[in-house]
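Data first, discussion second: the structure below is written as structure tokens.
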Amino acid sequence: MRTVKVDDVLTMRWRVIEAKWKASLGGDLVKLEGGASNQLGETVMKVTATIVVMPL
């Protein structure tokens, strides 16, 4: 992975790995994998996350 520098332009990408309705939370529990790359296409971050997506 590379260091992010001033004036770098970052592109973030996310992929939904899993989504399940969770009644006790009133929304979907969504597992994500993703990352960011700079303007040269070099990876600067890799990440996994779990979020709750609530209906409006």
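The values are calculated or read from the model by the stated rules, or taken from the named source; none is laboratory data. Predicted model, so just to flag it, every value in this text is computed and none were measured. Cβ coordinates were reconstructed from backbone atoms using ideal geometry, including for glycine residues, and neighbour counts include every protein chain displayed.
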Considering residues that are out of contact with any Lys or Arg (no Cβ under 9 Å at 6 or more places or on another chain) and not small (Gly, Ala, Ser), the number found within segment 21-30 is 3
Matching entry among Lys20, Lys46 (being of a type outside the set (Val, Ile, Thr), without any contact (Cβ under 8 Å) to a residue 24 or more places away in the chain and in contact with a strand residue (DSSP E or B) (Cβ under 6 Å, 6 or more places away or on another chain)): Lys20
When you look at Thr11, is it of a type in the set (Val, Ile, Thr), farther than 29 Å from Leu56 by Cα and either in contact (Cβ under 8 Å) with a residue 24 or more places away in the chain or touching a Gly at 6+ places or on another chain (Cβ under 7 Å) (or both), yes or no? no
Look through Glu18, Glu33 and report the one residue that is exposed (fewer than 12 other Cβ atoms within 10 Å of the Cβ) and touching a Lys or Arg at 6+ places or on another chain (Cβ under 6 Å). Glu18
What's the number of the only condition in (1) surrounded by fewer than 10 Cβ atoms within 10 Å (Cβ to Cβ); (2) more than 18 Å from the chain's Cα centre (by Cα); (3) modelled with pLDDT of 95 or more that Val9 fails to meet? (2)
